[in-house]
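Notes follow once the structure below has been shown.
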Amino acid sequence: MDISVVVPLLNEQDSLEELFYRIKKVCEQNDFSFEVIFVDDGSTDDSWQIIEYIANFNPEVKGIKFRKNYGKSPALSAAFKEVKGDVVITMDADLQDFPEEIPSLYNMLKNKNADIVSGWKENRQDNKLTKNLPSKLFNGVARKTSGVKLHDFNCGLKAYRWEVTQNIELYGDMHRYIPVLAKNAGYSRIIEKKVKHQARKYGVSKFGANRFINGFLDLITLFFTSKFGNKPMHIFGLLGTVMFILGLLSSFYIGIEKLFKVYISHSPARLIAENPYFYISLVFMILGTQLFLAGFLGELIVRNNREKKLYLVQKEINLN
């Protein structure tokens, strides 16, 4: 199969038929064998009924329905487990992405031997103050922190080699950082393509301003997990050891200083317990021990971790 199109959605009943038939038209015009996997992330409208209706007449349609809203990352993760196409294309269901971009994304991925082609909504048709400006700031920080030179991490329109989708782990809101996850997994051929963007035709956005705050927090999490996720002892053990040694050396210094005053200079010396530096040294030693133990426990958790599905599927359509 040439292409798998993955469409996560939440309450997008008005756009689904138009979206599918535009995808189908484009794929048939370019002689692509294809499938479209809709993932209903707990919709409360008639989205799932419409997916079932479309699937009755189009065997290319496959569907996954979650029992409740889990988020975009679990939706993509569930679909990636089912994709069969050599190239996997993700897009949003709100018709702000153009299905007509599919051939150029496919050809660019194949011709340039890329792992990922990420869309760049250069002329974004959203509110400049509440969406565009925060998005530019967010993307700037993400570029600097991750080292992945993309203009638009948030663009849902992307193309992946099938292998990439099978070797990245999505959780939380990490769908924004799939290129970063891919790079950390060794898939570094990531390129960018300018794509068209239009104002939302139906419904309202499901993402509020808090997504940017969550995005920054996820970026920090991703930075530390990519560096130390498999070896937590490298960060916690190092910090703990350094703090413990500093505290121990400080305690020795306080003790030696008192012995010097008492036995060498024969000058009065106060009790060690009355010296505030003794308690600072003690705190350093305690914190150092705790950090070291945190690293050790982290190692045990990593070594005994088992894959756990973070979502529950209620219904499926046309999946083996």
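The values are calculated or read from the model by the stated rules, or taken from the named source; none is laboratory data. Being a predicted model, the structure only gives us computed values, none of them experimental. For neighbour counting, all protein chains shown are included, and Cβ atoms are generated from backbone atoms with ideal geometry for every residue, glycine included. Please note that ligands, DNA and RNA were not included when accessible areas were found on the heavy atoms of the full protein model with its side chains. Shrake-Rupley method; radii C 1.70, N 1.55, O 1.52, S 1.80 Å.
Among residues of the range 49-64 that are not assigned by the TED database to the domain that holds residue 10, none has a beta-carbon under 9 Å from a residue that is hydrophobic (A, V, I, L, M, F, W, C) at least six positions away or on a different chain.
Being assigned to a strand (DSSP E or B) and open to solvent by less than 30 Å² (accessible area, probe 1.4 Å), is that true of even one residue in the range 160-174? Taking every residue of the range 160-174 in turn, at least one turns out to be assigned to a strand (DSSP E or B) and open to solvent by less than 30 Å² (accessible area, probe 1.4 Å). Within the range 23-51, the set of residues being open to solvent by less than 50 Å² (accessible area, probe 1.4 Å), out of contact with any Asp or Glu (no Cβ under 6 Å at 6 or more places or on another chain) and charged (D, E, K, R) comprises 24, 40, 41, 45. Can you find a residue in the range 23-35 that is without any contact (Cβ under 8 Å) to a residue 60 or more places away in the chain, in a strand (DSSP E or B), over 23 Å from residue 177 (Cβ atoms) and touching a Gly at 6+ places or on another chain (Cβ under 9 Å)? Yes; the residues of the range 23-35 include at least one that is without any contact (Cβ under 8 Å) to a residue 60 or more places away in the chain, in a strand (DSSP E or B), over 23 Å from residue 177 (Cβ atoms) and touching a Gly at 6+ places or on another chain (Cβ under 9 Å).
Consider the range 48-68 and keep the residues that are more than 16 Å from residue 21 (Cα to Cα) and in a loop (DSSP other than H, G, I, E, B). The one that is farthest from the chain's Cα centre (by Cα) is 67.
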